[in-house]
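Have a look at the structure below before the remarks.
The values are calculated or read from the model by the stated rules, or taken from the named source; none is laboratory data. Just so it is clear, the model here is predicted, and its values are computed rather than measured. So basically every Cβ, Gly included, is an ideal-geometry build from the backbone, and we count neighbours across all protein chains shown. The area values use the complete protein model at the heavy-atom level, side chains included, leaving out ligands, DNA and RNA. Shrake-Rupley method; radii C 1.70, N 1.55, O 1.52, S 1.80 Å.
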Amino acid sequence: MLALVEERAGLAAPSCLAAALEGIQRAMSRANQDDVTLYLREVGLNNALFDDLLTELTIGETYFFRTHEHFDHLRRVVLPELRERRGQEHLVRAWSAACSSGEEPYSIAALLMAEGWEERMSVRATDVSRTALSRAHQAHYTDWSLRGPSADRMRPHLKQEGRFYQLSQDVKRRVQLGYLNLALETWPSAESGIWQLDVIFCRNVLIYFNRATIEGVARRLHASLDDGGYLFTGPSDPPLGDYAPFEPVLTEWGVLYRKPLAGSHAGHFVPLQPLPPLRADGTPFTAASASPAVSEPRAPASPGGWPSATGAVPRAPAPDMGTPAPGMLPAFGRGDPGPMGTESSVPAVSAAWGAGLTPVGTPASGPLPSGGTSASGAPGARAGDASTSGTRTRFTLSVEALEAVRQALARGDWREAARRAGAQSADPEGALAAVRALANLEPRAAAFACGEAAVRHPLVAGLRYLEALLLLGQARLADAEKSARQALYLEPGLAVGHLLLGHVLRRQEQAAAAARAYREAEGLCRKLPPEALVPLAEGERAGALADVARAEWRRLERTEGGDAS
């Protein structure tokens, strides 16, 4: 039965088979059928039964103005930009894919009306469930559809009739409802109206699809957008950068996608890379391409069978950094002062991410390659060699480039310093290395450079994590929390991100939230082999880091009298 659903609707096998079985049994009961073989045959022939089964296997969770941040961004950013770029008479074309019972497209229509697009709007809404479309056509709702924090925006368009609310015809007539199976190659098309769209809402539906279906849907969503059009997906939906050339837009609440304007391209976009435990075969977490400034070839595994946590090469002993620059985070290790100035067993990194990294200007061993250049174009920069002796790839600047960086810093020109250091590299690994090195000279400039690099590479979780480290070192706790949460939005399984968030929240005296972050970090580390290197943790092993996280949340519980759950 699940194979039939996957074939016809592209739905992946559910993660909880027991729940799926219960749903199938409920659907069979409504069909007055207790023979699975007969029911399967009927489902294959009867669209109504198939729709009813789909309703059981998916979650039609929706309400008016759900995830209000999306609608706020549409109102504050997308619509003003569209009006400026396309003119006052432009017809806004929006589509709610997988609209369920209609709350989403009706919210879009109400917002467009409130923003003055009443006579210049076209809103289409589709779903694979005819049962859901029937409810959307009826537009008859209960308080359950008004439970969201921004749902009151819809009340002026609803007429209460006992315990129910009927949607006004003024909003209802502006939405065109229709059947569409997203998994099929039947769209986009001018005939269906799914074509040259300004805005698409396709939220919390991709999570149900298998990989092949996600790829096809992403490609068709991109083709359905007009140049400069926007796609809103759900927070649980998979990243789409591997499937279509979207331009990602990273906001404080998450990621949305844009189809680049004609004549431009999303060439600066680097798809989000997964952060699994590093494997014994040496497969690194690096970008597919490397810039001239930083070249990190695949290296042999370290003696423990795992390559470096931050790249492809083994870790070297931390160089002598000298006196840290003002505001720099200490490279606090076991027994060293932690981020709160207290004894902490947290293993971690300096704001420069310095373990195994040559400070700016430190000469690389061996002769410079002929014609070698830095990311800023300055001659002489090079990446050191990786070898089985444990020498880590080193990011260095030539004397000329270093002097240019120092002069820019002396002028307070952080943007120029970042450029000279190579923080604007098209390669995210190069940008990361340059920011780390810049932090040895001026952590505030490094934080600025990190922010700019994150704009260039918006889906690289490591940049947001590094930014959070730097901001924490400057005691900019609210900004550090924001960057840490963005890193975790991009990579929820980033254990060191949860650990860092715990530090930030503890500094803000949010003990309960900090304890939750530490518990999450421990749980993620416990899922790895104890000797596995934790991604971005500069050589720390999963078992040791799990023990650290556990010690932190237990300390908080003792401090709070056991109320930090």
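Please find, within the stretch 441-467, the residue that is farthest from Ala480 (Cα to Cα) out of those that are more than 12 Å from the chain's Cα centre (by Cα) and basic (Lys, Arg).
Arg456
Would you call Gln33 of a type in the set (S, T, N, Q), outside any helix (DSSP H, G or I) and open to solvent by 60 Å² or more (accessible area, probe 1.4 Å)? Give the derivation first.
Details: of a type in the set (S, T, N, Q): yes; outside any helix (DSSP H, G or I): yes; open to solvent by 60 Å² or more (accessible area, probe 1.4 Å): no.
The answer is no for Gln33.
Output the qualifying pairs, or none if there are none: Cβ atoms under 9 angstrom, residues six or more apart or on different chains, first residue in the stretch 209-220 and closer than 9 Å to Ala244 by Cβ, second residue assigned to a helix (DSSP H, G or I) and open to solvent by 20 Å² or more (accessible area, probe 1.4 Å).
none
Could you tell me which of the residues Val217, Val199 is under 24 Å from the mean Cα position of the chain (by Cα) and farther than 15 Å from Cys99 by Cα? Give the steps one after another, and end with the answer.
Details: Val199 fails: farther than 15 Å from Cys99 by Cα.
From the options Val217, Val199, the qualifying one is Val217.
Identify the residue in the stretch 36-54 that is among the hydrophobic types (A, V, I, L, M, F, W, C) and either modelled with pLDDT of 90 or more or open to solvent by 60 Å² or more (accessible area, probe 1.4 Å) (or both) and, among all such residues, is farthest from the chain's Cα centre (by Cα).
Of the stretch 36-54, the ones among the hydrophobic types (A, V, I, L, M, F, W, C) are 36, 38, 40, 43, 45, 48-50, 53-54.
Retained after the next criterion (residues that are either modelled with pLDDT of 90 or more or open to solvent by 60 Å² or more (accessible area, probe 1.4 Å) (or both)): 36, 38, 40, 45, 48.
Numbers: Val36: 41, Leu38: 44, Leu40: 39, Leu45: 40, Ala48: 37 Å.
The residue in question is Leu38.
Test of understanding: among Leu21, Leu57, Leu17, which residue is within 23 Å of Asn210 (Cα to Cα), open to solvent by less than 60 Å² (accessible area, probe 1.4 Å) and at pLDDT below 85? Full working, then the answer.
Details: Leu21 fails: open to solvent by less than 60 Å² (accessible area, probe 1.4 Å); Leu17 fails: open to solvent by less than 60 Å² (accessible area, probe 1.4 Å).
The unique qualifying residue is Leu57.
Kindly indicate whether any position in the stretch 201-211 is within 25 Å of Glu69 (Cα to Cα) and out of contact with any Ser or Thr (no Cβ under 7 Å at 6 or more places or on another chain). Give the derivation first.
Taking the stretch 201-211 and keeping what is within 25 Å of Glu69 (Cα to Cα), we get 201-209.
Right, trim to out of contact with any Ser or Thr (no Cβ under 7 Å at 6 or more places or on another chain) and you get 205, 209.
Yes.
Kindly check whether there is at least one residue in the stretch 130-138 that is farther than 26 Å from Trp195 by Cα and of a type outside the set (Val, Ile, Thr).
First, the residues of the stretch 130-138 that are farther than 26 Å from Trp195 by Cα: 138.
Filter once more, so that each one left must be of a type outside the set (Val, Ile, Thr): 138.
Yes, the stretch 130-138 contains at least one residue that is farther than 26 Å from Trp195 by Cα and of a type outside the set (Val, Ile, Thr).
So which strands (runs of 3 or more DSSP E) are wholly in the stretch 118-193 and hold at least 3 residues that are over 24 Å from Ala48 (Cβ atoms)? Give the derivation first.
Values: elements: 121-127, 158-161, 164-167, 175-179.
The qualifying strands (runs of 3 or more DSSP E) are 121-127, 158-161, 164-167.
Got a sec? Which of Asp479, Asp427 is among the acidic types (Asp, Glu) and touching a residue at least 60 places away in the same chain (Cβ under 8 Å)? Step through it out loud before you land on a result.
Values: Asp479 fails: touching a residue at least 60 places away in the same chain (Cβ under 8 Å).
Matching residue, one of Asp479, Asp427: Asp427.
Within the stretch 456-508, work out how many residues are aliphatic (A, V, I, L, M) and farther than 21 Å from Leu524 by Cβ.
Taking the stretch 456-508 as the starting set, the residues that turn out to be aliphatic (A, V, I, L, M) are 459-461, 463, 466, 468-472, 475, 477-478, 480, 484, 487-488, 490, 494-496, 499-501, 504-505.
Cutting the leftovers down to farther than 21 Å from Leu524 by Cβ gives us 470-471, 475, 477-478.
Count: 5.
Of the conditions (1) out of contact with any Gly (no Cβ under 6 Å at 6 or more places or on another chain); (2) in contact (Cβ under 8 Å) with a residue 12 or more places away in the chain, Leu488 clears all except one; give me its number.
Failed condition: (1).
Can you tell me which condition Phe232 does not meet? The list is (1) farther than 18 Å from Ala125 by Cβ; (2) of a type outside the set (S, T, N, Q); (3) in contact with a Phe, Trp or Tyr (Cβ under 6 Å, 6 or more places away or on another chain), and all the others hold.
Here Phe232 meets the rest and fails (1).
Quick test for you: out of Gln407, Gln424, pick the one residue that is surrounded by fewer than 23 Cβ atoms within 10 Å (Cβ to Cβ) and at pLDDT 80 or above.
Being surrounded by fewer than 23 Cβ atoms within 10 Å (Cβ to Cβ) and at pLDDT 80 or above holds for just one of Gln407, Gln424, which is Gln407.
With the requirement that a residue be among the aromatic types (Phe, Trp, Tyr) and touching a helix residue (DSSP H, G or I) at 6+ places or on another chain (Cβ under 6 Å), what does the stretch 72-109 give you?
Hit for the stretch 72-109 is Tyr106, nothing else.
Every residue in the stretch 208-222 that is among the aromatic types (Phe, Trp, Tyr) and either in a helix (DSSP H, G or I) or open to solvent by 40 Å² or more (accessible area, probe 1.4 Å) (or both), please. Steps first, answer last, please.
Applying the first criterion (among the aromatic types (Phe, Trp, Tyr)) to the stretch 208-222 yields 208-209.
Passing the criteria: only Tyr208.
Would it be correct to say that Val205 is at pLDDT 90 or above, among the hydrophobic types (A, V, I, L, M, F, W, C) and surrounded by 15 or more Cβ atoms within 10 Å (Cβ to Cβ)? Spell out how you get there, then give the answer.
Details: at pLDDT 90 or above: no; among the hydrophobic types (A, V, I, L, M, F, W, C): yes; surrounded by 15 or more Cβ atoms within 10 Å (Cβ to Cβ): yes.
The answer is no for Val205.
Taking the stretch 64-117 as the region of interest, how many residues are of a type in the set (Ser, Thr, Tyr), assigned to a loop (DSSP other than H, G, I, E, B) and surrounded by 22 or more Cβ atoms within 10 Å (Cβ to Cβ)? Quick ask: steps written out before the conclusion?
Step one: filter the stretch 64-117 for residues of a type in the set (Ser, Thr, Tyr), giving 67, 96, 100-101, 106-107.
When the remaining residues are screened for being assigned to a loop (DSSP other than H, G, I, E, B), the result is 67, 100-101.
Restricting the remaining residues to those that are surrounded by 22 or more Cβ atoms within 10 Å (Cβ to Cβ) gives 100-101.
Qualifying residue count for the region: 2.
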